[in-house]
1. Is it the case that the range 448-465 has a residue that's surrounded by fewer than 17 Cβ atoms within 10 Å (Cβ to Cβ) and either assigned to a loop (DSSP other than H, G, I, E, B) or modelled with pLDDT under 95 (or both)?
2. Is it the case that some residue within the range 210-226 is more than 16 Å from the ligand (Cβ to nearest atom) and either over 28 Å from Val441 (Cβ atoms) or under 18 Å from the mean Cα position of the chain (by Cα) (or both)?
3. If a residue has to be among the hydroxyl-bearing types (Ser, Thr, Tyr) and either open to solvent by 10 Å² or more (accessible area, probe 1.4 Å) or assigned to a helix (DSSP H, G or I) (or both) to count, how many in the range 290-303 make the cut?
4. Considering the range 187-209 alone, what residues qualify as being within 7 Å of the ligand (Cβ to nearest atom) and more than 19 Å from Ser63 (Cα to Cα)?
5. Filter the range 193-205 down to the residues that are part of a helix (DSSP H, G or I) and within 18 Å of Ala390 (Cβ to Cβ) and list them by number.
6. Under 6 Å by Cβ, and 6 or more places apart or on different chains, what pairs join a residue from the range 29-51 that is within 17 Å of Leu395 (Cα to Cα) with one that is outside any helix (DSSP H, G or I) and of a type in the set (D, E, K, R)?
7. Search the range 517-541 for residues being without any contact (Cβ under 8 Å) to a residue 24 or more places away in the chain and part of a loop (DSSP other than H, G, I, E, B), and hand back the single one that is surrounded by the most Cβ atoms within 10 Å (Cβ to Cβ).
8. Given (1) part of a helix (DSSP H, G or I); (2) under 29 Å from Pro327 (Cα atoms), identify the lone condition not met by Thr492.
Amino acid sequence: MPSTIPSSDDQPADVDAVVIGAGFSGLYAVYRLREMGLPHRAFEQGSGVGGTWYWNRYPGASSDSESWVYSFTFSPELEQEWTWSCRFPEQPEILRYLEHVADRFDLKSCFDFNTKVVEARWDEAARRWRVQTAQGEEVQARFLITAAGCLSAAQVPAIPGLEDFKGDWYHTGEWPHEPVDFSGKRVGVIGTGSSGIQSIPVIARQAQHLTVFQRTPNFSVPARNAPLSAERIVELKRNIRKIRETCRWSTIGQPYDWRDQEALKLRREEFLAQLEADWQKGGFEWMFGSFKDLLTDREANEIAAEFVREKIRATVKDPVVARKLIPQGYPIGTKRLPLDSGYFETFNRENVSLVDLRETPIERIVAEGVKTSADVHALDTLVFATGFDALTGPLTRLGIRGRDGQTLQQKWAEGPQTYLGLATRGFPNLFMITGPGSPSVLGNMPTSIEQHVDWICDCLLHMKQSGKELIEPASEAEAQWGAHVKELADATLFPQTDSWYMGANIPGKPRVFMPYIGGFGTYRKLCAEIAAKGYEGFLFA
Ligand code: N01
């Protein structure tokens, strides 16, 4: 909980900018706006800061980026004074970090907490956004900056009968603040994406019995999380600026990058030996610090996929269970690759069972548990690890209406259209931090976020200094950017798979690869060049 929740009574109702969200993006946005002296208001529907880390309190929730890169870079003092405990920090530690940042830079006073934005309407005559909160306040702002996250619109699937269930149920992305006690309980988890794969081993250790309901088997790579030694901390702090600079120009915002080498040019044994060596390191480096054709060449990808399948066979003792857990039919890495701590090993426990929903689909939820085509699985607690309406969902649910009352849903009916993932035509003076069409979820999020906030704030400064009031993308620039994002994605294996990157997890959502996959460093360079050319592709008034 925040130490102080400021009231909106004495806050201005007409400001330069409104920011929505108090996660990494919202915190850094208000920090920069305040430094620039731009009057602003900021709204957060939760009761405190943290964003993703405020909502995702499920057991086992942890960062999949290393702690020393999953953090802010804007303050060298902050970097030196904060010490992470381990390689991949868990949710409570990340939330403590964000609380610390908010307190250290006095950012909580910038926010109205417990305040949900229900509509933001562009008023063409006043050249202002009119932002409505659920609490009945209306604030006018020249600029609207969304810091609503990419994976914040939780998705509970429309399985009939949930209202009949007698037990407790939870979604991993909207977890209660009080720990949920699974001891002595029969627990079911639906979903084996990152949230399921992180939570299943922890829940299995507490529950009397855990039933995992799996629709699509997932690949996963060991995290190999470990505490940081005193020597390692000293070394990291000494080199932190260099590490950060490498992240800024890398493909996925990490301190490593693809090898400048194609897997298929190697002899098979060499390729496999390298995969094994990288496997021992743990973390995303296994894939994203590997060979550059892994996500573009199906043959190279298949060798890597088979390498992981072998690991699963070697780990899971029951061959029938192992067979059910082995992913087939889609390229590895084209669904977001989870990192795990003992996921496959969990299926060797006596108190864990696996239900393959492709063999026996869920028919409905009943009072006692989950009814599949074969059985009723009796449960006391049901956990939905069923993901999010990714990238567009957090924005469309804000009730944003641009020129002529057009909603983002209407504009994006065929898939998101943006310029650089930062702005969209017809919605003047709207900036989206890590919006669709930017690298966002394909990189280390804080790296993506800081770059976007800096770019937006520099643009606001430019507009102030040059007396420009309005900004929005030109139609052609937006269309060309959309085509470029698609062309880059089509050159990879990603569009071959049904994933949330493609919107495929949400019934009726257009099937479009949403993030920019050209690499974070390339994108950063492009954004800087566009700004240097007087914000080429944008129209000002
Ligand atoms: O969600 P997901 P998530 N019946 O969409 C299944 C980030 N994240 O919350 O594959 C049965 O990946 C669905 O099955 P299928 C990260 O970017 C980050 O796990 O659609 N099953 C799938 O198995 C991640 O990728 C971190 O067939 C149903 C699962 O639910 C993203 O968030 C930690 C179903 C959903 O997997 C989302 O991850 C956690 C149904 N009706 C998450 N509907 C860190 O970095 C869905 N499923 C720390």
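The values are calculated or read from the model by the stated rules, or taken from the named source; none is laboratory data. Quick caveat: nothing in here was measured; it's all calculated off a predicted structure. Every residue, glycine among them, receives a Cβ derived from its backbone with ideal geometry; neighbour counts consider all protein chains shown. The area values use the complete protein model at the heavy-atom level, side chains included, leaving out ligands, DNA and RNA. Shrake-Rupley method; radii C 1.70, N 1.55, O 1.52, S 1.80 Å.
1. Within the range 448-465, none of the residues are surrounded by fewer than 17 Cβ atoms within 10 Å (Cβ to Cβ) and either assigned to a loop (DSSP other than H, G, I, E, B) or modelled with pLDDT under 95 (or both).
2. Looking for residues that are more than 16 Å from the ligand (Cβ to nearest atom) and either over 28 Å from Val441 (Cβ atoms) or under 18 Å from the mean Cα position of the chain (by Cα) (or both), one finds none in the range 210-226, hence no.
3. Within the range 290-303, the subset among the hydroxyl-bearing types (Ser, Thr, Tyr) is 290, 296.
Filter again for either open to solvent by 10 Å² or more (accessible area, probe 1.4 Å) or assigned to a helix (DSSP H, G or I) (or both), leaving 296.
Residues in the range 290-303 being among the hydroxyl-bearing types (Ser, Thr, Tyr) and either open to solvent by 10 Å² or more (accessible area, probe 1.4 Å) or assigned to a helix (DSSP H, G or I) (or both): 1 in total.
4. Of everything in the range 187-209, just one residue is within 7 Å of the ligand (Cβ to nearest atom) and more than 19 Å from Ser63 (Cα to Cα), namely Ile190.
5. Step one: of the range 193-205, the residues part of a helix (DSSP H, G or I) are 194-205.
Selection gives Ser194, Ser195, Gly196, Ile197, Gln198.
6. Phe43/Asp112; Gln45/Lys116
7. In this case the residue turns out to be Gly534.
8. Evaluating Thr492 over (1) part of a helix (DSSP H, G or I); (2) under 29 Å from Pro327 (Cα atoms) leaves (1) as the failure.
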